[in-house]
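This report refers to the structure that appears directly beneath it.
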Amino acid sequence: MLLLSTLIYSLDAQVNLDYQNPHDDILTLADASPAPLLRINSTANKAFLLKRNMYKTIEEVSMQEMRLGGLRIDPRTSLSSRTTFAIGITLLDVTSGKESVIIGLPTKGLFSSMAWSHDQTKAAILNATEEGVDLWVVDTKTSSAKKIAGPNIHGSLGTSITWLKDDNSLLVKMKPTSVKPLIDRSQITPSGPTVSENDGQKAQNRTYQDLLKNPTDEENFKRLTTSEIWNVKLDGTKSQWLPANMYDEMELSPDGEYVMVANIKKPFSYIVPYYRFPYEFKIYSKSGNLIKAVFDIPLIEEIPSGFMAVNTFPRSIRWRADKPSSLYWVEALDGGDPEKEVEFRDAVYQLSAPFTGEKSYLVSTKERYSNIYWCSDDFAILNEYWWNTRNQRTSHFNPSDSKLQSILINERNYQDRYNDPGSLVTEKNQYGERTLYKANNKLYLLGDGYSEDGKHPFVDELDLSSGISKRLYQSEGDDKLEDFATAIDIEKGLILSRIESKSEYPNYFIRNIYNNDLKPITKFENPFAILDNVHKEVITYLRDDGLELSATLYLPIGYDKDKSEKMPMLMWAYPREFKDKSSAGQTTNNPNEFTFPYYGSPIYWVNRGYVVLDDAAFPIVGEGEIEPNDSFMSQLVANAKAAIDAVDSLGYIDRRRVAVGGHSYGAFMTANLLSHSDLFAAGIARSGAYNRTLTPFGFQSEERNYWEAPDVYNTMSPFMNAHKMKTPLLLIHGEADNNSGTYPMQSERYFNALKGLGATVRLVMLPNESHGYAARESIMHLLWEQDTWLEKYVKNRFSEETNKP
């Protein structure tokens, strides 16, 4: 877009402006090309490199989408309208390191939904075109691809493609043979009002967006989510497997003999999203014959209050990975009500083929069910948790003897990162499913290894007999950051590792933990070399109550420490709630993390003469019976003051020229800081919620409703305190925000309140953008807006003539 000949930056009137590009110092970083994404198979001998664009175009973001039932669907393709596509794919031979072109694959595609075959030699992938969506299969042995179906692949709900065990055919969702056109609501004359009612039951729901509103929406939702399921062979021949229905998930049993299919049915709801509509779960043979309808879940509009509340119907319905064909699921024992005092919260049940008997009980949980790692007939790992206390329990149980109680392995505060034991290592079993790797009564775990000394990932061996863990390996790099992505073969000690430094772009390696051999897989170049010499460090400092905080500090490019020039500073943060000070004081910031600018990052401004304090810790702590939000405001201001004091004490900044910014809850934080402190020269608030009475049944980590804690809601609402705003605030919001609670109206109403009270404020609404922004035009304009705001109200806050505000 061309720049306007005269840029208008008025705060007193409506401003009509073309999309702008930011200063070249920002543009050169923002326009850098991203590295490909790696998709490696489980045997780690072949991988795909998925090339992508950094941004969509405004034309792509502005294409028609239907927002129905909590979904956003592109009616042309029946895919999610917000799908991120790969634009090119190459094949990497991991053993030789050779990258090759895939013969036959479109050179300019829009690829998504890659799925490896069971033998890991092929991959299915969707390609969106002007006519619709095609299904392609890539053969890694020949580095070739062919189209086997399309352009009628359907993908608005759940899984679109599922490989059958023969690896010669797939179950594929397709648009119905007879497709009805969508109804244009603007052309419909209403036959009456839309009426909702309640019979006295409590239905406390979050403020969901994109809900159905009327019968026309209902019909369009049905038409957009209805598909047929077909059996498609690799030679392109196909046959209908199931007739048209609103299919969501389709999951193959481990032995490949059965398929569990879930479909939505009526009645729909106008107050909850599609995943709480009525659902049917049915089991079919691999040939498509109905074996049994196992569950009929009704519409769920009403559940008890509280974050740990659940419905009373079967949930988390899955196949056991260690059995040929056994379903398992969870049911609440407390009526789904977290307020009830009970010995056990949930129970896990199973039903095995031929599915003619009664369900059998497996195990109960003392807290809310989280997940199960399956292993064998007599061993499985059960995870459960309780949000209110941040407690997590891990135990093992015998699936073949329900009379035996589960045996506790570990119980911990899941926010305590320093004592996180890690994630359990799995392997593929005889069915090709991932189950626990267990040898000689020992389990293996991959951990992040956070501590006061930084991040040093580890591999542990847990002896179940003694309960003692033995460290097999720990990364000791002091100038690099390593992450363990997955265990390739723990018996051989092979781990897929991702290694980076502050100036080295992340690349993948295969590490042998027994001989410390490191084999490179990728060699991605650093597209942000201009930031290589930026001074970067993690600083720690104390809040006024003694709580230790941390942040990542960047100095401007070319900053001379010897001159000790005091620079403007941009602070970026996001509040997080904790139930204990010990966890709140832990740091996961790392100076060796690659310095990666992205549209939401403040890092660009090191190239504009600013000190940047990124990811500043903003813990909000409420211990025992005290909720974190009971003292939200005082802790928020204390966090900000501590951060500014810390950087000021280092001599880098002019504390009169400090800006604060954040996205979503960080925007909410920013507005509150400007209203309740005089610490900042300006603020940037993106896609936030500012009036908590508009989210009356809870928000973020607040589970009390407005009528239970009106003082908390009112005190924490920047809208209620708009009269206290004395600091320039830049508000930015996507016009199509779909995040729960952050309606675009939140920024519009807050702007009107601030404007009516005489505050210095600017509102920028980005057309067709959601909670996260996608179009290049939007993002470049966003960066221009932020830069212009900071230049005017922070860097140049004091005029040369008067040296005062």
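The values are calculated or read from the model by the stated rules, or taken from the named source; none is laboratory data. Note that this is a predicted model, so its numbers are computed, not measured. Backbone-built Cβ (ideal geometry, glycine too); neighbour counts: all protein chains shown. Just so you know, the surface numbers come from the protein's heavy atoms only, side chains and all, with ligands and any DNA or RNA stripped out. Shrake-Rupley method; radii C 1.70, N 1.55, O 1.52, S 1.80 Å.
Descriptive notes on the structure:
- Across the alpha-carbon atoms of segment 682-805, the computed radius of gyration and Dmax are 16.2, 54 angstrom.
- Here is the size of segment 289-431 from its Cα atoms: Rg then Dmax, 16.0, 51 Å.
- When you count the other C-beta atoms within 10 angstrom of each residue and take the mean per peptide, 220-228, 486-494, 179-187 line up highest first as 220-228, 486-494, 179-187.
- Chain lengthening between ALA529 and ASP711 when straightened (0.36 nm per residue, less Cα-Cα): 60.5 nm
- Tail fraction, Cα-Cα pairs, segment 488-598, threshold 25 Å, whole percent: 46 percent
- In this simple spin-label approximation, ASP544 and LEU182 carry label points 7 Å from Cα along the Cα→Cβ vector, and these lie 5.4 nm apart.
- Protein accessible area in the chain, 1.4 Å probe - carbon and sulfur %: 47 percent
- Estimated distance in nm for a label pair at TYR275 and ASN796, the labels positioned 7 Å out from Cα along Cα-to-Cβ: 4.8 nm
- Out-of-range pairs (alpha-carbon distance over 20 Å; input LYS470/LYS492; LYS46/LYS146; LYS492/LYS523; LYS146/LYS233; LYS147/LYS175; LYS46/LYS98): LYS492/LYS523
- Accessible area per residue for the chain, computed on protein heavy atoms with a 1.4 Å probe, is 44 Å².
- The slack in the chain from THR389 to LEU333, taken as 0.36 nm per residue of separation less the alpha-carbon distance, amounts to 18.2 nm.
- The calculated FRET efficiency for the pair LYS213 and ASP562, based on their C-beta separation and a Förster distance of 60 Å, comes to about 0.40.
- Stretchable slack from LYS340 to SER352, in nm (0.36 nm times residue separation minus alpha-carbon distance): 1.1 nm
- The alpha carbon convex hull volume per residue for segment 12-94 rounds to 193 Å³.
- 0 to 90° range, to nearest 10: angle between helix 215-225 axis and the chain longest Cα axis: 70 degrees
- Once C-alpha pairs closer than 8 Å and six or more residues apart are averaged by separation and normalised to the residue number of the chain, the relative contact order reads 9 percent.
- Peptides 562-570, 170-178, 726-734 ranked from most to least packed give 726-734, 170-178, 562-570, packing being the mean of other C-beta atoms within 10 angstrom over each peptide's residues.
- Efficiency of FRET between SER96 and GLU504 - r from beta-carbon atoms, R0 25 angstrom, step 0.05: 0.60
- Within the chain, helix-based [θ] at 222 nm, where runs of 4 or more DSSP H residues each add -39,500 (n - 2.57), nearest 500: -3500 deg cm²/dmol
- With q set to 0.11, 0.19, 0.24, 0.26 Å⁻¹, the log10 of I(q)/I(0) for segment 79-166, from the Debye formula over equal scatterers at the Cα positions, is -0.30, -0.88, -1.31, -1.46.
- P(r) of segment 612-704 over all Cα-Cα pairs, binned every 5 Å from zero, in whole percent: 3, 12, 22, 25, 18, 11, 6, 3, 1, 0
- Using a Förster distance of 51 Å, the FRET efficiency for LYS147-ASP416 (Cβ separation, nearest 0.05): 0.50
- Segment 375-419: Cα Rg divided by the 2.2 N^0.38 Å rule of thumb: 1.32
- Residues of segment 50-76 falling in the label zone of GLU301, defined by backbone nitrogen less than 19 Å from a point 7 Å along Cα to beta-carbon, are 68-71.
- Contact order normalised by residue count of segment 304-379, Cα under 8 Å, 6+ apart, percent: 26 percent
- Its relative contact order, with pairs defined as Cα atoms under 8 Å and 6+ residues apart, puts segment 127-166 at 33 percent.
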